[in-house]
Amino acid sequence: MLAKRIIPCLDVKDGRVVKGKQFIQLRDAGDPVELAMYYNGQGADELVFLDISASNEGRNTMVDVVKAVAAKLAIPFTVGGGIHSLENIKALLRAGADKVSLNSSAVENPGLITAGADFFGCQCIVCAIDAKFDPETSSYRVYTHGGQKQTDLDAIEWAKKAVSLGAGEILLTSMDQDGEKSGFELNLTRKISEAVDVPVIASGGAGKASDFFDAFSAGKADAALAASIFHYKETSVAQVKTYLKQKGVAIR
Amino acid sequence: MIGIVDYGMGNLYSLSQALKRLDQDFVISDHSSELAGTDGLILPGVGAFKDAMALLNEKGLSAFLTRYVQEKPLLGICLGMQLLFEESEEGSLTKGLAFLSGRVARFSGISQVTGERYKVPHMGWNTLEFKQPDSPLLNALEPDYAYFVHSYYAETKDSSILIATADYHEQVPAVVGSGHIFGTQFHPEKSGVFGQALLKNYLDFVKRMPQAKAAVSRAAASLSSGEEEK
């Protein structure tokens, strides 16, 4: 049986792992390769590296980080952040990343999804969506640039479009929940999971093991991503997986 | 020496690093002259079947592989496994290498049992069922999770080639093989400890192959000389 995936996310800035709360405050912590192997040992099913470097130098460092990780890690990993061209995609995949995730650049240039999918197959193009509830319209709006820029896009419609363009997976981050540790955004996660035929990763809001159970059951997610709670050892991947197994969820 | 067939489809870095971790010498090449000297090949690949076959044909590698596998072992991974079959319906109908009998079809996305929609690609860790636990590729292994990512799967009526399967709304051939030709639909280089052990089994098989063949030919020689004496 296909297992639900638990995915720790590592925010990387200039080659070092950091984690942002609500996308703003940063706390420095760790070497990417060391952390990757730590999470692998804990039973992580996959890893996501999010490059939040602001400079070109920082982004170029990411290719080296990817190579160093791929040399050691024997599970799949995705790289996102600052990917603007097919050349960027090629460089990261050739360095050993299994998938790239496109966020702002996909909104600005949806053709990039198709170009990447045509070249490497849709399985390696993840469309990352940062969404926030808009009480005025009672809908979820897509934000770009690390959550700073509001767009006119409806999150569900954008997810459907991204898949039709060639995205092989959706990484959905709820900005309302991110950093709150009060659970994933289940309503939107379920809506998007039902609206598209590709796997959906729930992200933002994980605070405890039962939040993951909710993401898979009520949220119908195929995978769930978290950063801080793993990173600061509030709980571990192993603990979350043990809990989910007890609850009867298919877990590796 | 292992040869990784580099025909321009996908990312060979992770696979090459996995071989490095197993202290395995390898060469990455698209030249049949370079690959001919190896003891066994790995045919990787991600992307579209049609593009892959076009590249293999263009580079003269299809004909080379057909000759190679008469003597020496080959392991196809993911798309590389699918290429071992007769044809694929991906894009327009495309002929494959036809080392194994069967065709490559897309997951329908609709369960035959419940009529409900399911997700395609089949992405993530799925359990294996061993059909031939005695296969050299499964030596000393117990059924475990392996990492899959694919939208097409091999359909075959020849159950003798099914070494292990996975269940994803269809019976998915996960490890296939006939003689010294093998394929895995999942990515052993991404399947953690289990995947690494399976890769090692293939490498060990490749190492044993010349001795095994020598033994067979010695036996054949003694048989024929015995016949002559009569």
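Every number here is computed from the coordinates shown, using simple stated rules; none is lab data. Being a predicted model, the structure only gives us computed values, none of them experimental. Positions of Cβ are generated from backbone atoms using ideal geometry, with glycine treated the same way; all protein chains shown enter the neighbour counts.
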Could you state, as a whole-number percent, how many of the C-alpha pairs of region A:91-239 are farther apart than 25 Å?
27 percent
At 7 Å along Cα-to-Cβ for each site, give me the label-to-label distance between residue B:31 and residue A:164 in nm.
4.8 nm
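Starting from the coordinates of the alpha-carbon atoms of region B:2-224, obtain the Kirkwood hydrodynamic radius over all distinct pairs and give the value in Å to one decimal. If you can, show how the numbers build up before the last one.
Working: mean 1/r = 0.0563 Å⁻¹.
Kirkwood hydrodynamic radius for region B:2-224: 17.8 Å.
Of the beta bridges DSSP finds with both residues in chain B, what % are antiparallel, to the nearest 5?
On the way: 25 of 41 bridges.
Antiparallel bridges: around 60 percent, rounded to the nearest 5.
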Need one number: the % of Cα-Cα pairs in region B:117-193 sitting beyond the 20 Å mark.
25 percent
Points 7 angstrom from Cα along the Cβ direction at residue A:208 and residue B:58: gap in nanometres?
5.7 nm
Among A:232, A:143, A:39, residue whose mean-square fluctuation peaks in a GNM of chain A (springs only between Cα atoms under 10 Å):
A:232
Quick check on chain A: what does the Kirkwood estimate of hydrodynamic radius come out to from the alpha carbon pairs, in Å?
17.8 Å
Please give the length that would be gained between residue B:117 and residue B:159 if that part of the chain were fully extended, namely 0.36 nm times their separation in residues minus their C-alpha to C-alpha distance (nm, one decimal).
12.4 nm
Using the Kirkwood radius over Cα pairs of region B:13-70, the Stokes-Einstein translational diffusion coefficient at 10 °C and 1.306 mPa s, in µm²/s and rounded to a whole number, is 126 µm²/s
Most packed first (mean Cβ within 10 Å per residue), the peptides B:54-60, B:177-183, B:109-115 order as B:177-183, B:54-60, B:109-115
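Taking 25 Å as R0, compute the FRET efficiency from the Cβ-Cβ separation of residue B:21 and residue A:233 and round it to 0.05. Kindly include the intermediate steps, with their values, before the conclusion.
Numbers: r = 28 Å, r/R0 = 1.11.
Efficiency for this residue pair is about 0.35.
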Which whole number gives the average count of other chain Cβ atoms within 10 Å of the Cβ atoms across peptide B:19-29?
0
Here the whole-number average of other chain Cβ atoms within 10 Å per Cβ of B:187-197 is 3
Please give the net charge around residue A:104, taking every other residue with its beta carbon less than 10 angstrom from that of residue A:104, where Lys and Arg add +1 and Asp and Glu add -1.
-1
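Please sort A:54-61, A:70-77 by packing, taking for each peptide the average over its residues of neighbouring beta carbons within 10 angstrom, highest first.
Values: A:54-61: 13.8, A:70-77: 21.5.
Most protected by this proxy first, the peptides run A:70-77, A:54-61.
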Compute the label zone of residue A:108 within region A:28-57: residues whose backbone N is under 17 Å from the point 7 Å along Cα-to-Cβ.
A:51-57
Over all residues in A:193-199, what is the mean tally of Cβ atoms on other chains that come within 10 Å of each residue's Cβ?
3
Label point 7 Å out from residue A:34 along Cα-to-Cβ: which residues of region A:222-245 have amide N under 17 Å?
A:231-233
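If r is the Cβ-Cβ distance from residue A:187 to residue B:67 and R0 is 56 Å, what FRET efficiency results, to the nearest 0.05?
On the way: r = 59 Å, r/R0 = 1.05.
After rounding, the FRET efficiency stands at 0.45.
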Where the centroid of each part is defined by its Cα atoms, how far is region B:31-61 from region B:3-28 in Å?
13 Å
Which value in nm describes the separation of the simple spin-label points at residue B:50 and residue A:14, placed 7 Å from the Cα toward the beta carbon?
4.8 nm
Give the cross-link partners of residue B:207 among the lysines, using a straight C-alpha distance below 20 Å as the criterion and excluding same-chain residues fewer than 8 apart.
B:20, B:72
So the pair-distance distribution of the protein assembly as shown, from every Cα-Cα distance in 10 Å bins, comes to percents of 4, 20, 31, 25, 13, 5, 2, 1, 0, 0
